[in-house]
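Reviewing the structure listed below.
The values are calculated or read from the model by the stated rules, or taken from the named source; none is laboratory data. Source: prediction; values computed, not measured. FYI the Cβ positions are ideal-geometry reconstructions off the backbone, even for glycines, and counts take in every protein chain you see.
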Amino acid sequence: MQVEAFAARLAEVRVVPVVTIDDAADAVGLAEALAQGGLPMAEVTFRTAAAADAIAAIRAARPDALVGAGTVLDPATVDRAVDAGAEFIVAPGFGPAVVARAAERGVAMLPGAATPTEIEMALAAGLSLVKFFPAEASGGVGYIRAIAAPYREVRFVPTGGVTAANLAAYLALPAVVACGGTWIAPPDAIRNHRWEAIGAAAAEAVAIGRRAAS
Ligand code: 3PG
């Protein structure tokens with residue numbers, strides 16, 4: 001998926017569930033729960049050995065869902081993710097080798113950026129959509145407001161400390177396309193197959209996103 005199409009999809013859903021899956025056998029149940037709640041998408045983090053299999057399982061079971069890879073820290077992981085079917089790549093920071101590999105593989109890249117220098121590195125690479133990470137710890141809404149002023153074309157996906165309680169405040173910022181986070185499907189809820197709770201949290205996030213959009 002190209003970055004423009006990815007950005008357009010993010011602007012529609014407004015929320016990116018960041019998921020860490022221990023057992024790839026849980027992936028489809030999780031994707032169903034998220035879709036049930038109105039969020040047919042997930043960023044599957046490469047923090048567990050199951051990540052690639054989980055992405056492949058979701059792609060096979062839910063072709064309608066948008067599935068990407070998170071915590072991608074090196075070019076080899078870009079390859080593993082794309083080979084598994086990841087449609088977008090997310091990183092916590094700006095890694096030039098990761099960004100270059102994603103471009104070679106023709107997959108949308110969402111690099112992390114939390115400082116003016118990192119934003120300018122992204123812009124130099126032709127990327128104006130960045131993950132603002134870690135959002136709350138870096139200064140949250142006020143920081144984005146300040147940093148967005150000189151970078152008028154940059155769009156942010158705040159992630160890190162975002163919850164149902166502060167989601168609306170982030171989404172109200174014109175520079176914010178969508179927010180990401182683990183609050184919708186925390187690792188513990190995935191492990192314990194708490195699909196109803198995950199579906200309800202997804203639905204709540206979608207409702208907050210709709211209100212923010214109107
Ligand atoms: C990420 O991987 O993007 C962050 O760890 C998500 O942060 P959160 O757990 O505070 O949502």
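At a glance:
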{"item": "Residue that is farthest from L127 (Cα to Cα) [pool: residues in region 149-187 that are over 16 Å from the mean Cα position of the chain (by Cα) and of a type in the set (D, E, K, R)]", "result": "R152"}
{"item": "Condition broken by I89, with the remaining ones in (1) at pLDDT 95 or above; (2) more than 16 Å from the ligand (Cβ to nearest atom) satisfied", "result": "(2)"}
{"item": "Every pair of residues 6+ apart whose Cβ atoms lie under 9 Å, when the first sits in region 77-88 and is more than 20 Å from P63 (Cβ to Cβ) while the second is of a type in the set (D, E)", "result": "V78/E104"}
{"item": "Matching residues in region 12-38 - criterion: being at pLDDT 95 or above, among the hydrophobic types (A, V, I, L, M, F, W, C) and under 12 Å from the mean Cα position of the chain (by Cα)", "result": "V15, V16, V18, V19"}
{"item": "Region 148-164 residues that are touching a residue at least 40 places away in the same chain (Cβ under 8 Å) and farther than 22 Å from A91 by Cβ, paired with ones that are within 11 Å of the ligand (Cβ to nearest atom) and assigned to a loop (DSSP other than H, G, I, E, B) (beta carbon under 8 Å, 6 or more apart)", "result": "A164/W183"}
{"item": "Subset of region 186-195 that is within 15 Å of the ligand (Cβ to nearest atom) and without any contact (Cβ under 8 Å) to a residue 24 or more places away in the chain - its residue that is surrounded by the most Cβ atoms within 10 Å (Cβ to Cβ)", "result": "A189"}
{"item": "Selected residue (only one of L66, L10, L34, L73 is in contact with a Lys or Arg (Cβ under 7 Å, 6 or more places away or on another chain) and either within 23 Å of F156 (Cα to Cα) or surrounded by fewer than 17 Cβ atoms within 10 Å (Cβ to Cβ) (or both))", "result": "L66"}
{"item": "Which numbered condition I198 fails, given (1) away from the ligand (no atom under 15 Å from the Cβ); (2) more than 18 Å from V90 (Cβ to Cβ)", "result": "(1)"}
{"item": "Helices (runs of 4 or more DSSP H) (entirely within region 1-109) containing at least 2 residues that are over 26 Å from I198 (Cα atoms)", "result": "3-13, 75-84, 96-105"}
{"item": "Test: residue in region 196-213 that is more than 16 Å from V16 (Cα to Cα) and touching a residue at least 40 places away in the same chain (Cβ under 8 Å)", "result": "yes"}
{"item": "Per-region count, region 81-127, residues under 22 Å from I55 (Cα atoms) and within 15 Å of the chain's Cα centre (by Cα)", "result": "15"}
{"item": "Elements of type helices (runs of 4 or more DSSP H) in region 111-185, at least 2 residues being at pLDDT 95 or above, away from the ligand (no atom under 13 Å from the Cβ) and surrounded by fewer than 20 Cβ atoms within 10 Å (Cβ to Cβ)", "result": "116-124, 140-148, 167-171"}
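Residue-wise test of (1) of a type in the set (A, V, I, L, M); (2) within 15 Å of the ligand (Cβ to nearest atom).
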{"residue": "A24", "(1), (2)": "yes, no"}
{"residue": "A33", "(1), (2)": "yes, no"}
{"residue": "Q36", "(1), (2)": "no, no"}
{"residue": "F46", "(1), (2)": "no, yes"}
{"residue": "A60", "(1), (2)": "yes, no"}
